[in-house]
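Chemist: Below are the structure tokens for one structure; questions will follow.
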Amino acid sequence: LQAYERRFPTCPLIPMFVASDTVSEYRSEDEAIHVIERRCKLDIDAPRLLKKIAGVDYVYFVQKNSLNRRERTLHIEAYNETFSNRVIINEHCSYTVHPDNEDWTCFEQSASLDIKSFFGFESTVEKIAMKQYTSNIKKGKEIIEYYLKQLEEEGITFVPRWTPPVACKSESSTSHPRRPVSPAINIPESATKEGLSNKEILNSSSSPSEPTAGTPDDKLDADYIKRYLGDLTPMQESCLIRLRQWLQETHKGKIPKDEHILRFLRARDFNIDKAREILCQSLTWRKQHQVDYILDTWNPPQVLQDYYAGGWHHHDKDGRPLYVLRLGQMDTKGLVRALGEEALLRYVLSINEEGLRRCEENTKVFGRPISSWTCLVDLEGLNMRHLWRPGVKALLRIIEVVEANYPETLGRLLILRAPRVFPVLWTLVSPFIDDNTRKKFLIYAGNDYQGPGGLLDYIDKEIIPDFLGGECMCEVPEGGLVPKSLYRTAEELENEDIKLWTETIYQSASVFKGAPHEVLIQIVDASSVITWDFDVCKGDIVFNIFHSKRAPQPPKKDSLGAHSITSPGGNNVQLIDKVWQLGRDYSMVESPLICKEGESVQGSHVTRWPGFYILQWKFHSMPACATTNLPRVDDVLASLQVSSHKCKVMYYTEVIGSEDFRGSMTSLESSHSGFSQLSAATTSSSQSHSSSMISR
């Protein structure tokens, strides 16, 4: 307790703990009860944008410590004062005496988080809270040991226990009879290092008075553990047995192997309740999507076999299966457009299932437990094309699914030849990767992987792939651009038989001669960023962006004059009224961009004014003599009859807050990128002279 009290009023070992003030304090006459309430000031590690939106630099928590020297207990309660109407955080900790050894202390901790609303950043706040809470738990023991050592250095190695006043002694002894002391249980020191509470230790230990089951499952065979599971402490072994027994008694369906159960326990630091929760969710997910049969029943499309630049390649020095991914050579956009997110996710799942199978094989081959694989990612060729926003979103979803269902399967990740653009991709992806997984990442820029501490430390020289300067021929596909003829429409992707995701980010539109397709975007805050991505599937079009201070009338679908046409291949909406005049009712904010059939265009526009912005895709026809030009109404009628006067586009738009956009792209701003330099990576004919910024 004396060591704990030294954390106040502030603690240099907890940088976020800025200060604390005592709000109230109570002591009983016999000094047995001491209750103190403090108001704590915290500097939460949150994005600057989030703090700015919330309007705070610090958050305040109220902490109440209740010490009962008679019962030898300390209860700590904490709750948030800041944003209590939006977020409710409750935390409870207790220190008690071990029932079987009065020289041991039991510690239990629990917390709850309920986010009602937070300016649209609910998911971000949840991640920040969980990350902060996890780091605090890990550091708790380190801090208490620091102050215990400090006391020892000051000569304080023993603190006498509280004894009641003489008048109360007999009363105390009669009202609180001393319990018989049971034989002490030897608790391994490593149990505390694994993040287990003493309550869990007690639950896993059998009292001498309790009958023992006497079955082989109560204790795993030592040879079996060494051969298939690796070094386990008695506590870890106990957790594995208990979780497996619980599954056998309650779970209807296929029981996973011990190696897989162990992965979930390790992912939650052997907290059996947390491991059981995520394991049950994963088993339900596997059953729902028939993941156990994916290797036997699902054949990857030929597009994946030809253009997905990844594959298995021998093993590393530790015997782990080695997976090689040439991400820089892979057309992520082309794969998503040709296959959809569903097929891409299913392929990644099949890779993970194959990884589990190879781990079992290597365990038999090398005679020692191998439960994870090594991934080698070559980023040679990575450019802005790989930062295509829908592709990054698909990547984040894949990471979430893999993190939830294949924990502790990645033994090491070697990232080679990381280019200058890599930090941007890492900024977008890293928040979705578990902290334990991130510690396994090794990143090499340029040819650093060839030097000391490089690839040779982890992979034998004989199996280094040829494209990395080695002698081993690597059969991994080289990737390359997916032909646009293989792209599928949003409607086709929506009709997949089995859905792992249901969201479709693209919309289809038809553009007729004399009947452009227009999309309305309302901007409230100036300096917001409008981003777009579209493919011209058929015909040539002209892309324009207009601004108007007043909202156009919503389109009506009862007549041609209302500018609304529906076709089997996509919708067509016109928003700019015929009576509107350019320069009076609306203005052009970007130079027109001519886009040819088959081109892909990504770009962005930083808005200068609030109001209404109209993105327009317009039919592009070759210049003709003025005498042959038809009136606009005739063009519309002609477009309905002549198929050659029809274009088709697939598009995706999004509005991003200015600060959020710039915060991730400071080093990539451009004064002449036009409809973004991304388009330069996907087409050779897109040109513009506007002052836009590259899209993320």
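The values are calculated or read from the model by the stated rules, or taken from the named source; none is laboratory data. Computed from a prediction, not measured in an experiment: that's the story for all the values here. All Cβ positions, glycine included, derive from the backbone under ideal geometry; neighbour counts span all protein chains shown. What goes into the accessible areas is simple: the full protein's heavy atoms, side chains included, and nothing from ligands, DNA or RNA. Shrake-Rupley method; radii C 1.70, N 1.55, O 1.52, S 1.80 Å.
Chemist: Restricting to the range 623-650, what's the tally of residues that are at pLDDT 65 or above and either surrounded by fewer than 16 Cβ atoms within 10 Å (Cβ to Cβ) or farther than 17 Å from ASN544 by Cβ (or both)?
Modeler: Residues meeting the conditions: 4.
Chemist: So the check is Cβ under 8 Å with 6+ separation or different chains; which pairs have a first residue in the range 584-597 that's of a type in the set (Ser, Thr, Tyr) and a second one that's open to solvent by 80 Å² or more (accessible area, probe 1.4 Å) and in a loop (DSSP other than H, G, I, E, B)?
Modeler: Within 8 Å, the pairs are SER591/HIS689.
Chemist: So VAL392 ticks every box in (1) out of contact with any Leu (no Cβ under 6 Å at 6 or more places or on another chain); (2) in contact (Cβ under 8 Å) with a residue 60 or more places away in the chain; (3) within 30 Å of HIS260 (Cα to Cα); (4) open to solvent by less than 50 Å² (accessible area, probe 1.4 Å) but one. Which box is left unticked?
Modeler: (1)
Chemist: Does GLU71 satisfy being surrounded by fewer than 15 Cβ atoms within 10 Å (Cβ to Cβ) and more than 30 Å from ASN271 (Cα to Cα)?
Modeler: no
Chemist: Looking at the range 610-622, which of its residues are over 30 Å from ASP331 (Cβ atoms) and at pLDDT 90 or above?
Modeler: Of everything in the range 610-622, those that are over 30 Å from ASP331 (Cβ atoms) and at pLDDT 90 or above turn out to be PRO610, GLY611, PHE612, TYR613, ILE614.
Chemist: Let me ask something else. How do the pairs read when you match residues in the range 450-463 that are touching a residue at least 40 places away in the same chain (Cβ under 8 Å) with residues anywhere that are part of a helix (DSSP H, G or I), using Cβ under 6 Å and keeping only pairs 6 or more apart or on different chains?
Modeler: From the range 450-463, the pairs are LEU455/TYR449.
Chemist: What are the residue pairs meeting all of these: first residue in the range 253-266, first residue within 18 Å of SER238 (Cβ to Cβ) and at pLDDT 85 or above, second residue assigned to a loop (DSSP other than H, G, I, E, B) and of a type outside the set (D, E, K, R), Cβ atoms under 7 Å, and 6 or more apart or on different chains?
Modeler: GLU259/SER371; ARG263/SER371; ARG263/PRO407; ARG263/THR409; PHE264/PRO407
Chemist: Based on this model, can you work out whether VAL336 counts as part of a strand (DSSP E or B), in the same structural domain as PRO407 (by the TED database), touching a helix residue (DSSP H, G or I) at 6+ places or on another chain (Cβ under 7 Å) and not acidic (Asp, Glu)?
Modeler: no
Chemist: Limited to the range 382-420, what total is found for residues that are part of a loop (DSSP other than H, G, I, E, B), at pLDDT 90 or above and charged (D, E, K, R)?
Modeler: Result for the range 382-420: 1.
Chemist: Where residues in the range 321-347 are among the β-branched types (Val, Ile, Thr) and open to solvent by less than 20 Å² (accessible area, probe 1.4 Å), which of them is modelled with the lowest pLDDT?
Modeler: Selected residue: VAL336.
Chemist: Based on this model, can you work out whether SER604 counts as under 16 Å from VAL519 (Cα atoms), at pLDDT 80 or above, under 36 Å from the mean Cα position of the chain (by Cα) and among the small types (Gly, Ala, Ser)?
Modeler: Against the criterion (under 16 Å from VAL519 (Cα atoms), at pLDDT 80 or above, under 36 Å from the mean Cα position of the chain (by Cα) and among the small types (Gly, Ala, Ser)), SER604 qualifies.
Chemist: Take THR124 and tell me if it is surrounded by 14 or more Cβ atoms within 10 Å (Cβ to Cβ) and modelled with pLDDT of 80 or more.
Modeler: Answer is no for this residue.
Chemist: Could you count how many residues in the range 403-420 are open to solvent by 30 Å² or more (accessible area, probe 1.4 Å) and not charged (D, E, K, R)?
Modeler: The number of residues fulfilling the criteria is 3.
Chemist: Still on this structure: Quick one: would you say ASP269 is among the acidic types (Asp, Glu) and not assigned by the TED database to the domain that holds GLY479?
Modeler: Considered against the rule, which asks whether it is among the acidic types (Asp, Glu) and not assigned by the TED database to the domain that holds GLY479, ASP269 comes out as yes.
Chemist: Would you mind stating whether THR163 is of a type in the set (Ser, Thr, Tyr), modelled with pLDDT of 75 or more and not assigned by the TED database to the domain that holds PHE17?
Modeler: So THR163 passes the test.
Chemist: If you don't mind, another one. Is it the case that some residue within the range 554-564 is modelled with pLDDT under 75 and touching a Lys or Arg at 6+ places or on another chain (Cβ under 7 Å)?
Modeler: yes
Chemist: I've got another one for you. Looking for something under 25 Å from the mean Cα position of the chain (by Cα), modelled with pLDDT of 90 or more and crowded, with 20+ Cβ neighbours inside 10 Å - is there at least one such residue anywhere in the range 358-371?
Modeler: yes
Chemist: Name every residue in the range 545-555 that is surrounded by fewer than 19 Cβ atoms within 10 Å (Cβ to Cβ) and either touching a residue at least 40 places away in the same chain (Cβ under 8 Å) or within 13 Å of LEU615 (Cα to Cα) (or both), in order of residue number.
Modeler: Scanning the range 545-555 gives SER548, LYS549, ARG550, ALA551.
Chemist: State all residues of the range 89-114 that are open to solvent by less than 60 Å² (accessible area, probe 1.4 Å) and touching an Asp or Glu at 6+ places or on another chain (Cβ under 6 Å); if no residue qualifies, say none.
Modeler: Across the range 89-114, the qualifying residues are SER94, ALA111.
Chemist: What number of residues within the range 308-328 satisfy the criterion of being within 20 Å of LEU349 (Cβ to Cβ), touching a residue at least 60 places away in the same chain (Cβ under 8 Å) and in contact with a Phe, Trp or Tyr (Cβ under 6 Å, 6 or more places away or on another chain)?
Modeler: The number of residues fulfilling the criteria is 1.
Each row is one residue, and each column tells you yes or no for (1) in the same structural domain as MET473 (by the TED database); (2) crowded, with 18+ Cβ neighbours inside 10 Å; (3) over 22 Å from GLU361 (Cα atoms).
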position: LYS226; (1), (2), (3): no, no, no
position: CYS239; (1), (2), (3): no, yes, yes
position: HIS251; (1), (2), (3): no, no, yes
position: LYS254; (1), (2), (3): no, no, no
position: ASP273; (1), (2), (3): no, no, yes
position: PRO300; (1), (2), (3): yes, no, yes
position: LEU304; (1), (2), (3): yes, yes, yes
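Chemist: For the range 421-445, which positions are part of a loop (DSSP other than H, G, I, E, B), open to solvent by 40 Å² or more (accessible area, probe 1.4 Å) and free of Cβ contacts under 8 Å to residues at least 40 places away in the same chain?
Modeler: Correct list: LYS439, LYS440.
Chemist: Can you find even one residue in the range 10-23 that is assigned by the TED database to the domain that holds THR134, open to solvent by 60 Å² or more (accessible area, probe 1.4 Å) and over 27 Å from LYS149 (Cβ atoms)?
Modeler: Checked against the condition, which is being assigned by the TED database to the domain that holds THR134, open to solvent by 60 Å² or more (accessible area, probe 1.4 Å) and over 27 Å from LYS149 (Cβ atoms), the range 10-23 yields at least one hit.
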